[in-house]
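Colleague: Encoded as structure tokens, here's the structure I'll be asking about.
The values are calculated or read from the model by the stated rules, or taken from the named source; none is laboratory data. What you are looking at is a predicted structure, and each value in this text was computed from that prediction instead of being measured. All Cβ positions, glycine included, derive from the backbone under ideal geometry; neighbour counts span all protein chains shown. Just the protein is used for accessible areas: all its heavy atoms, side chains included, with ligands, DNA and RNA removed. Shrake-Rupley method; radii C 1.70, N 1.55, O 1.52, S 1.80 Å.
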Amino acid sequence: MGFRPLETMSDVISRKIVTGDKAMVAQVFLKKDAVVPEHHHESEQITYILEGSMKFELEGTEVIVRKGETLTIPSNVPHRAVALEDTVDLDVFSPIRTDWLTKDDAYLRRGEKEES
């Protein structure tokens, strides 16, 4: 467990992961218009925007989260996100995202971009 090096997911998304036994923190780097396709997971997610801004779609609602703001996504709630500008976020997951550790996260590796 512990720190993992920068991982390039696609030409628009990369990440660094730190994991323990019960919680995971990921620093995610998204280029403007990068799309995180709709997905859901058992883990509760807390997203803190360090730089930039993102538009999240969850439960029929759009929420824009900007630098210094946070968003909590409950367990198993389907959600999608788009980077409105070059963005760095810090995601906290509990329990850990084993799909990220085993690289069973193809939805993130497609390199989708929103038409602007």
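Colleague: Scan the range 29-65 for residues that are of a type in the set (A, V, I, L, M) and more than 16 Å from Glu114 (Cβ to Cβ) and jot them down.
Modeller: Passing the criteria: Ile46, Ile49, Leu50, Leu58.
Colleague: Output the residues belonging to the range 17-33 that are over 11 Å from the mean Cα position of the chain (by Cα), under 18 Å from Ala83 (Cα atoms) and either aliphatic (A, V, I, L, M) or open to solvent by 60 Å² or more (accessible area, probe 1.4 Å) (or both).
Modeller: Result: Lys31, Lys32.
Colleague: Show me the strands (runs of 3 or more DSSP E) entirely contained within the chain in which 3 or more residues are free of Cβ contacts under 8 Å to residues at least 24 places away in the same chain.
Modeller: Those strands (runs of 3 or more DSSP E) span 13-19, 61-66.
Colleague: Residues of the range 37-86 being out of contact with any Asp or Glu (no Cβ under 8 Å at 6 or more places or on another chain) and either aromatic (Phe, Trp, Tyr) or under 19 Å from Asp99 (Cβ atoms) (or both), which ones?
Modeller: His39, His40, Glu42, Ser43, Glu44, Leu58, listed by residue number.
Colleague: From the set of residues in the range 70-115 that are closer than 20 Å to Met24 by Cα, open to solvent by 50 Å² or more (accessible area, probe 1.4 Å) and hydrophobic (A, V, I, L, M, F, W, C), which is farthest from the chain's Cα centre (by Cα)?
Modeller: Ala106
Colleague: Right, next: Quick check, is Asp99 more than 19 Å from Asp33 (Cβ to Cβ), touching a helix residue (DSSP H, G or I) at 6+ places or on another chain (Cβ under 7 Å) and at pLDDT below 95?
Modeller: Considered against the rule, which asks whether it is more than 19 Å from Asp33 (Cβ to Cβ), touching a helix residue (DSSP H, G or I) at 6+ places or on another chain (Cβ under 7 Å) and at pLDDT below 95, Asp99 comes out as no.
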